[in-house]
Amino acid sequence: RKGEALQSLQGVKVVALDKTGTLTEGKPALTDFIARGMPEDLALALMAAAEQPSEHPIAHAVVEGAKSRHLALKTAGAFETFNGLGVQAEIDGRMVLAGSKDFLRKRGIETKPWEATAESLREQAKTVVFLAVDGMTVAIAAVADPIKSSTSEAIEALKQSGVRIVMLTGDA
């Protein structure tokens, strides 16, 4: 707001930007959902029901994605969250786990047939969530935080001025 502040920035060589909410919209959204061995709508409804009690932004994206498809969500019983890994819940007598590949694998659930698809989604800067129902991986969801429309122009202007840009993120 002051001219002095702008003048002091002329010697800046590096700018560190927070990704979430600065470069992106700050509202992750479900972008992809792939199911095998179970109808897609059922798999998404189970995943969303398991994620519904969670406060994590990725969980909210899955729940909103299911609601946008007008899927009815059951109430999760025996819900448990494992920080940074995933969630586990009982839904209609089924044990549902939603989380990272490692979260499922540590519970003896095979994820290998899904890993090429998951890697392809990660290469698109998407966060991948695996879904297992009754001990079998049946789906993966991809969530991404859309980039703000002004981000490319702002980054390009900083580059043109010779500033090195560093992005700060907690994402993998």
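What accessible area per residue, rounded to a whole number of Å², is obtained for the chain using a probe radius of 1.4 Å?
Numbers: 10300 Å² over 172 residues.
With the other protein chains kept in place, the chain gives 60 Å² per residue.
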FRET efficiency (Val166, Lys106; Cβ distance; R0 41 Å; to 0.05) is 0.80
Under a GNM of the chain (C-alpha, springs under 10 Å), which listed residue has the highest mean-square fluctuation: Lys126, Lys101, Lys159?
Lys159
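When the convex hull of the C-alpha atoms of the stretch 1-96 is computed, what volume per residue in Å³ does it have?
On the way: hull volume 15.1 nm³, N = 96.
Once divided by residue count, the hull of the stretch 1-96 is 157 Å³.
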Within straight-line cross-link reach of Lys19, lysines at Cα separation under 29 Å, skipping those fewer than 8 residues along the same chain
Lys2, Lys27, Lys67, Lys101, Lys126, Lys148, Lys159
So for R0 = 41 Å, FRET eff. of Asp32-Lys2 from the Cβ-Cβ r, to 0.05, ends up at 0.35
If you take mean projected area of the Cα convex hull in nm² from the coordinates, which of (i) 12.2; (ii) 11.1; (iii) 9.3 do you get?
(i)
So which residue, out of Gly21, Gly11, Gly135, gets the largest mean-square fluctuation from a GNM of the chain using Cα contacts under 10 Å as springs?
Gly11
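If packing is taken as the mean number of other Cβ atoms within 10 Å per residue, what is the order of 34-43, 137-146, highest first? Don't skip to the answer; put the middle values down first.
Values: 34-43: 14.9, 137-146: 22.0.
Going from most to least packed, we get 137-146, 34-43.
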What is the calculated FRET efficiency for Lys67 to Lys159, with r their C-beta to C-beta distance and R₀ = 30 Å, to the nearest 0.05?
0.15
Tally up the carbon and sulfur contribution to the accessible surface of the chain as a whole percent, 1.4 Å probe, everything protein left in place.
52 percent
Using 18 Å as the cut-off for backbone N distance, which residues of the stretch 110-139 belong to the label zone defined by a point 7 Å from the Cα of Ser152 along Cα→Cβ?
124-126
Can you list the HN-Hα couplings for the stretch 45-59, worked out from phi with the Karplus curve (6.51, -1.76, 1.60; θ = phi - 60°), rounded to whole Hz and with x for Gly and Pro?
5, 5, 4, 5, 4, 5, 7, 3, x, 6, 9, 6, x, 5, 4
When the chain is treated as a GNM, springs tying every alpha-carbon pair under 10 Å, which of Thr81, Thr151, Thr127 comes out with the largest mean-square fluctuation?
Thr151
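The values are calculated or read from the model by the stated rules, or taken from the named source; none is laboratory data. Being a predicted model, the structure only gives us computed values, none of them experimental. Using ideal geometry, Cβ is built from the backbone for each residue, glycine included, and neighbour counts are taken over all protein chains shown. For the accessible areas, the whole protein counts, side chains as well, though only heavy atoms, and no ligand, DNA or RNA atoms are used. Shrake-Rupley method; radii C 1.70, N 1.55, O 1.52, S 1.80 Å.
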